[in-house]
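Asker: Dropping the structure in here first, questions after.
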Amino acid sequence: EFSERTTEATEPWTSVGEGDCSFPFIVTFADGTKQNYVVTTSKKTVGEALVDAGLIAGEESEYGLYVKTVCGVTADYAADGTYWALYVDGELSSVGVDSLKCADIMDAEFRLAK
């Protein structure tokens with residue numbers, strides 16, 4: 001069931017994947033535009049589900065997956081100070097995307113930040 005906050009989104013929702021766990025996934029770009037997805041997966045973590053769906057990409061680091069690209073948009077911190085910030089249930093996440101269990105969240109969001 002979606003929280004009230006996520007149903008306020010004005011953009012259409014795109015469904016991706018299949019499995020026994022679903023969560024809303026929101027992407028907010030630098031200009032404030034959004035893309036909204038409902039991700040359904042059989043993967044255990046949000047990170048695995050989003051990689052599997054082709055929505056995020058990055059590189060492994062000592063802290064887990066460092067997400068550099070979301071929906072085809074790459075943040076280059078070294079070049080311009082931008083990065084993808086992960087929010088879970090509306091709050092800045094204290095853990096990486098591959099530490100989040102699909103069953104434990106209401107929704108996930110990546111926001112391009114600087």
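The values are calculated or read from the model by the stated rules, or taken from the named source; none is laboratory data. Given the structure is predicted, the values throughout are model-derived calculations rather than measurements. All Cβ positions, even for glycine, are placed from backbone atoms using ideal geometry, and neighbour counts span all protein chains on display. Side chains included, ligands, DNA and RNA excluded: accessible areas come from the protein's heavy atoms. Shrake-Rupley method; radii C 1.70, N 1.55, O 1.52, S 1.80 Å.
Asker: Rounded to the nearest 5, what % of the DSSP beta bridges within the chain are antiparallel ones?
Answerer: Working: 25 of 33 bridges.
Just about 75 percent of them are antiparallel.
Asker: Mind listing the long-range amide H neighbours of Val38? Cut-off is under 5 Å, sequence gap 5 or more, other chains count too, H placed in the peptide plane at 1.01 Å from N.
Answerer: Thr14, Ser15, Val16, Phe25
Asker: Additional query: Between Lys68 and Leu92, how high is the FRET efficiency from 1/(1 + (r/R0)^6) when r is the Cβ-Cβ distance and R₀ = 25 Å? Nearest 0.05. Write out the running numbers ahead of the final one.
Answerer: Numbers: r = 18 Å, r/R0 = 0.72.
Once the sixth-power term is evaluated, E becomes 0.85.
Asker: Okay, next question. From Cα pairs below 8 angstrom and at least 6 apart in sequence, can you work out the relative contact order of region 1-109, rounded to a whole percent? Intermediate values should be presented prior to the final figure.
Answerer: Numbers: 191 pairs, mean separation 29.3, N = 109.
Relative contact order comes out at 27 percent.
Asker: In terms of modelled amide H atoms, which long-range or inter-chain residues lie less than 5 Å from the amide H of Thr45?
Answerer: Here the answer is Cys102, since their amide H atoms fall under 5 Å of that of Thr45.
Asker: Mind checking the log10 I(q)/I(0) for region 16-62 at q = 0.17, 0.21 Å⁻¹? Debye, one equal scatterer per Cα, no solvent, two decimals.
Answerer: -0.53, -0.74
Asker: Run the accessible area of region 25-114 with a 1.4 Å probe and give the carbon-and-sulfur part as a rounded percent. Kindly include the intermediate steps, with their values, before the conclusion.
Answerer: Numbers: 2320 of 4710 Å².
Here it works out to 49 percent.
Asker: Moving to a separate point now. Given points 7 Å out from each Cα along the Cα-Cβ axis, report the Ala78 to Asp31 separation in nanometres with one decimal.
Answerer: It works out to 2.8 nm between the two label points.
Asker: Using a 1.4 Å probe, how large is the accessible area of Val73, given in Å² and rounded to the nearest 10?
Answerer: My reading of the accessible area for Val73 is about 50 Å².
Asker: For the chain, I need the span (max minus min coordinate) of the C-alpha atoms along each principal axis, in Å, sorted largest to smallest.
Answerer: Largest first, the chain extends 39, 31, 23 Å along its Cα principal axes.
Asker: Please give the per residue accessible area of the chain, computed with a probe of 1.4 Å over protein heavy atoms only, in Å². Show your work: numbers first, answer last.
Answerer: Working: 6640 Å² over 114 residues.
For the chain, the per-residue accessible area is 58 Å².
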